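Novice: Below is one structure. I have some questions about it.
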Amino acid sequence: MDPSQSRPETRRSRRARTPSGPVDVTVVVIGAGQAGLAAAYHLRKNGLVAVGEAGWATADETFVVLDDASQAGGAWQHRWPGLTMADAHGVHDLPGMPLVAPDPGEPAALAVPYYFAQYEEAFDLRVQRPVRVSSVSDVDGRLLVRSHSVVRPDEVVEWRTRGLINASGTWSKPFWPTYPGRTSFTGRQLHAHDFRLPEDLADGHVVVVGGGTSAVQLTLALSRVTTTTWVTRRPPAWRDVEFTPELGRDAVAAVDARTRAGLPPSSIVSVTGLPLTPAYRLGITAGILAARPMFSLIVPSGVAWSSSSTPAADGWVDGPAFVEARTLLWCTGFRASLDHLAQLRLRAPGGGIVMDGTQVVADPRIQLVGYGPSASTVGANRAGREAVHNLRTLWSR
Ligand SMILES: Cc1cc2nc3c(=O)[nH]c(=O)nc-3n(C[C@H](O)[C@H](O)[C@H](O)COP(=O)(O)OP(=O)(O)OC[C@H]3O[C@@H](n4cnc5c(N)ncnc54)[C@H](O)[C@@H]3O)c2cc1C
Ligand SMILES: NC(=O)c1ccc[n+]([C@@H]2O[C@H](COP(=O)([O-])OP(=O)(O)OC[C@H]3O[C@@H](n4cnc5c(N)ncnc54)[C@H](OP(=O)(O)O)[C@@H]3O)[C@@H](O)[C@H]2O)c1
């Protein structure tokens, strides 16, 4: 990874190639999913020049997008193969280029990365990959972003920047809750993050944990090849009304209130609910999407409910006190991938980061996009624009 490849020799590019010296860049974007690409689009629209394009080394304002995936597509390239474009909840167009309606049966893991790759090329975004940011620190009033090549970890580049747009998503932080006896289970345990094909789990009963879309969709998929038990810690939040723009705004406002208060974002389903699609209705009628309350104990061969466990209530069904299982499938959501920002100590006592829209209140040079209220494809788009606007406003003061 040599940021100065194939450019004329200048004072700036010489400095960029000095192994010990950081590369000066106006804005670093971490992540090239929906949020990072939207931000990069707006940086370019604001006249910033991408590192690597002709003339960047002498340009007044520059940006670089660093992404640790091996190809374009953000987290979409990792989605399970059975998640088709028809199943997706609606992948919003990136700014400036529509996602041409693909075959609804096409896996999202192919269709969306193809679109993102075309987008990067169309706007010449020069995403550097696979490049992982390991840390960000504050050195003499500038942010120092330390990155390395994923394939050659000893190839390290430091970027000295005035602004950071963090768009690192959640995919690399699957959340595994702790339950009594979890380590004693002798069967298989996996997170939705690592699920590939229902057939992989067809060798016995599967207990699916979690009340979000991942749990619902994977329970339905698994029911075609094996038996399942679905457990949730709250009765499933079925939503029988259309998700109108007003409901969407209310949902975003609720998450926004949390992040403004410095609380970590809660589960996505707690905000969106579960839309009663025809497939989900069929699953409910067939008794497949019938949730039980959480078990109280995991034992070597399965899961058990004590007589004092939460009783079945509206929205939950009853069942035997013990269920033998071959697999525990944890569909328990994700956390924001922000470990590389740890040195900046941005977290508030509430465990989250106090935000004002996309801006980190404690350090307005840092914008978090795709975080909290902008953790959807439409929200990520808006956040990209807001982040660039916020940095411009900050610099004009
Ligand atoms: C299974 C699933 C299905 C979904 N379906 C939908 C849907 O249908 N519609 C919808 O609106 N939303 C959906 N979402 C939510 C959706 O994924 C997000 O809202 C949006 O796509 C996230 O975009 P992002 O840019 O924030 O993150 P990502 O797409 O995760 O992109 C982050 C990028 O940052 C990179 N990265 C992370 N850490 C680093 C680092 N330290 N250094 C360098 N690079 C790094 C990652 O490799 C990745 O390329 C779904 C989520 C899941 C889990
Ligand atoms: N387009 C698609 O087809 C598709 C498919 C799958 C996922 N998605 C999207 O992917 C994103 C993530 O969805 P997701 O379902 O993986 O996550 P999610 O919506 O965040 O749901 C996580 C679930 O795990 C539960 N949970 C958390 N901690 C738990 C614990 N300690 N014990 C038991 N349960 C616990 C949560 O319960 P609480 O609510 O009580 O916290 C919640 O029910 C969402 O945006 C979703 O829409 C889309």
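Taken together, the values in this text are just the output of simple stated rules run on the coordinates, not laboratory data. This is a predicted model, so every value here is computed, not measured. Heads up, the Cβs are rebuilt from the backbone with ideal geometry, glycines too, and the neighbour counts pull from every protein chain shown.
Novice: Using unit Cβ charges (K, R positive; D, E negative) and no other charged atoms, how large, in debye to the nearest 20, is the dipole of the range 301-397 about its Cα centre? Numbers along the way, then the final one.
Specialist: On the way: 9 positive and 7 negative charges, 132 e Å.
Here the size comes out at about 640 debye.
Novice: Choose one answer from 46, 381, 166: the residue with the largest mean-square fluctuation in a GNM of the chain with alpha-carbon springs under 10 Å.
Specialist: Maximum fluctuation in the GNM of the chain, among the listed residues, is at 46.
Novice: Another question, then. What are the ³J(HN,Hα) couplings of the range 388-397, residue after residue, when phi is run through the Karplus curve with 6.51, -1.76, 1.60 and θ = phi - 60°? Round to Hz, x for glycine and proline.
Specialist: Taking θ as phi minus 60°, the curve returns 5, 4, 4, 5, 4, 4, 4, 6, 7, 6 Hz for the range 388-397.
Novice: Going by Cα centres, the range 63-133 and the range 141-167 are how many Å apart?
Specialist: First find each Cα centre; the distance between them is then 23 Å.
Novice: While we're looking at this one, here's another question. By the scheme Lys and Arg +1, Asp and Glu -1, what is the net charge of all other residues having a beta-carbon under 10 Å from that of residue 72? Walk me through the intermediate numbers first.
Specialist: Details: positive: 129; negative: 67, 120, 121.
Net of charged neighbours comes to -2.
Novice: Next question, about the same structure. Would you compute, from DSSP H runs of 4+ residues alone, the mean residue ellipticity of the chain at 222 nm, taking -39500 (n - 2.57) per run and dividing by the full residue count, rounded to the nearest 500?
Specialist: On the way: 8 runs with 92 residues, N = 397.
Counting only the DSSP helices, I get -7000 deg cm²/dmol.
Novice: Right, something else. First measure r as the distance between the Cβ atoms of residue 24 and residue 199, then evaluate 1/(1 + (r/R0)^6) with R0 = 56 Å and state the FRET efficiency to the nearest 0.05. Each step should come with its number before you reach the end.
Specialist: On the way: r = 52 Å, r/R0 = 0.92.
In this case the efficiency is close to 0.60.
Novice: How would you classify the range 215-260 from its alpha-carbon gyration tensor, with a ≥ b ≥ c the square roots of the eigenvalues: rounded for a/c under 1.5, else prolate if a/b is greater than b/c, otherwise oblate? Before the final figure, lay out each step's value.
Specialist: On the way: a/c = 3.24, a/b = 2.18, b/c = 1.49.
It is prolate, given that a/c is not under 1.5 and a/b is the larger ratio.
Novice: Once you put a point 7 Å from the Cα of residue 257 and another 7 Å from the Cα of residue 397, both along the Cβ direction, what distance in nm separates them?
Specialist: Between residue 257 and residue 397, the simple spin-label model gives 2.7 nm.
Novice: For residue 334, which sequence-distant residues (separation of 5 or more, or a different chain) have an amide H within less than 5 Å of its own amide H, given hydrogens modelled in the peptide plane?
Specialist: 175
Novice: Quick check on the range 65-198: take the gyration tensor over C-alpha atoms, sort the square-rooted eigenvalues as a ≥ b ≥ c, and tell me if it's rounded (a/c under 1.5), prolate or oblate.
Specialist: Details: a/c = 2.29, a/b = 1.14, b/c = 2.01.
It comes out oblate by the Cα gyration axes.
Novice: Next question. Scan around residue 24 for amide H atoms under 5 Å from its own, H built in the peptide plane at 1.01 Å from N, and keep only partners 5 or more places away or cross-chain.
Specialist: Under 5 Å from the amide H of residue 24 lie the amide H atoms of 160, each far enough along the sequence or on another chain.
Novice: Classify the range 256-321: rounded, prolate or oblate, from the alpha-carbon gyration tensor (a ≥ b ≥ c, eigenvalue square roots; a/c under 1.5 rounded; otherwise prolate if a/b is larger than b/c)?
Specialist: Working: a/c = 2.58, a/b = 1.30, b/c = 1.99.
Taking the square roots of the gyration eigenvalues as a ≥ b ≥ c, the range 256-321 is oblate.
Novice: Residue-wise, which Karplus ³J(HN,Hα) couplings in Hz belong to the range 161-166, taking 6.51 cos²θ - 1.76 cosθ + 1.60, θ = phi - 60°, and x for glycine or proline?
Specialist: Rounded to whole hertz, the list is 9, 8, x, 10, 10, 8.
Novice: Explain nothing, just compute: Karplus ³J(HN,Hα) = 6.51 cos²θ - 1.76 cosθ + 1.60, θ = phi - 60°, for every residue of the range 369-375 in order, whole Hz, x for Gly and Pro.
Specialist: 10, x, 10, x, x, 9, 7
Novice: What residue among 285, 144, 353 has its Cα farthest toward the positive end of the dipole of the chain, where the charges are +1 on Lys, Arg and -1 on Asp, Glu, each on the Cβ?
Specialist: Among 285, 144, 353, the one farthest towards the positive end of the dipole of the chain is 144.
Novice: Here's something else I'd like to know. 5 Å is the cut-off here: which amide hydrogens, built 1.01 Å from N in the peptide plane, fall below it relative to residue 131, excluding neighbours closer than 5 in sequence?
Specialist: 67, 68, 69, 150
Novice: For the chain, what is one quarter of the convex hull surface built on the Cα atoms, given in nm²?
Specialist: Numbers: hull surface 84.4 nm².
In nm², the orientation-averaged hull projection of the chain is 21.1.
Novice: For the chain, set up a GNM with springs between Cα atoms under 10 Å and report which of 218, 282, 143 has the largest fluctuation.
Specialist: 282
Novice: Sort out for me the Cα centre separation of the range 324-397 from the range 206-239, rounded to whole Å.
Specialist: 28 Å
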